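The values are calculated or read from the model by the stated rules, or taken from the named source; none is laboratory data. In this text the structure is predicted, and so the values were computed from the model without any measurement. As a convention, Cβ positions derive from the backbone with ideal geometry for all residues, glycine included, and neighbour counts pool all protein chains shown. Side chains are part of the model used for accessible areas, which takes the heavy atoms of the whole protein and leaves out ligands, DNA and RNA. Shrake-Rupley method; radii C 1.70, N 1.55, O 1.52, S 1.80 Å.
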Amino acid sequence: MTCRAVVLLSGRGSNFRAIVEARLPIEIAAVISNRPQAAGLDYAREHGIAAIALDHTQHPDREAFDALLADEIECHRPDLVVLAGYMRILSPAFIARFEGRLLNIHPSLLPMFPGLKTHERALAEGVKIHGCTVHFVTADLDHGPIVIQAAVPVRADDSPETLAARVLQQEHRVYPQAIRWFAEGRLAICDGRVNLKDDWASQSVFPNGM
Ligand code: GRF
């Protein structure tokens, strides 16, 4: 049976675009944004994918909004919920409802630099390697079981923007890969770690020359 996915986003949606372009063995049942103007919604409409805006500013609090969001997601009967630049903290009740089928991409090598402004913070710390992480979402913000990571070198003349662009290229590579593994039923969570059936070596990606 084809894996049904719902994508949540808040902005430009370049990861969502990479997922569509990867032609994965999934059906994207809907894309939902908490920001009605998100460019990712336009891209969904252009590609015949149901695009739904649920404006969080119209709801009294996080719990109320997340309950509505969860109900909307459930209408599409997803096997998988993909956070692709969804820029709101999710309530514990929401996470509990989708735990085990909720993936996120974060622009750092977790557990380093959870939270925002990861590229600025990486440069400020002087790290020489940075990257991105796809992980299952748990109630512990940016700390869930890791599916795949990709590393990039940090260059002496990097700005947050140049570093972000280098990391983003890898995001577009590893997120479709992680979703493919999920759809193929190859991911198993055991003791807070993700095992990739028959192929653990592919879970860390290094650019050429590293
Ligand atoms: C990405 O850097 C992702 O890692 C983070 O938010 C950004 C979303 O970018 N969670 P886009 O909307 O997919 O272009």
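For the chain, what is the calculated [θ] at 222 nm in deg cm²/dmol (nearest 500), taking -39500 (n - 2.57) for each run of four or more DSSP H residues and dividing by its residue count?
Calculated at 222 nm, the ellipticity per residue is -10000 deg cm²/dmol.
For the pair A53 and A165, label points projected 7 Å from Cα toward Cβ lie 3.0 nm apart. Computed over the chain, relative contact order equals 18 percent, with contacts defined as Cα pairs under 8 Å that lie 6+ residues apart. Projected onto their three principal axes, the Cα atoms of the chain cover extents of 46, 39, 34 Å, largest first.
Heavy atoms of the protein chains alone define the surface here; on that basis segment 104-210 has 52 Å² accessible area per residue at 1.4 Å probe size. Computed from the alpha carbon positions, the gyration tensor of segment 16-85 leads to an equivalent ellipsoid with semi-axes of 22, 14, 9 Å, biggest first. The relative contact order of segment 104-210 comes to 27 percent, based on Cα pairs under 8 Å that sit 6 or more residues apart. Full extension of the chain between D71 and R4 yields a length gain of 22.5 nm, computed as 0.36 nm times the residue separation minus the alpha carbon distance.
Label-to-label distance for A96 and A139 is 0.7 nm, based on points extended 7 Å past Cα in the beta-carbon direction.
Seen against the Cα atoms of the chain and their longest principal axis, helix 62-75 is set at about 80 degrees.
What residue among L103, L41, L141 has the largest mean-square fluctuation in a Gaussian network model of the chain, using Cα springs under 10 Å? Of the options given, L141 has the highest mean-square fluctuation. As a calculated quantity, the FRET efficiency between R173 and I89 at R0 = 45 Å, using C-beta atoms, amounts to about 0.95. Once the chain from W200 to K117 is taken as fully extended at 0.36 nm per residue, the excess over their C-alpha distance is 26.9 nm.
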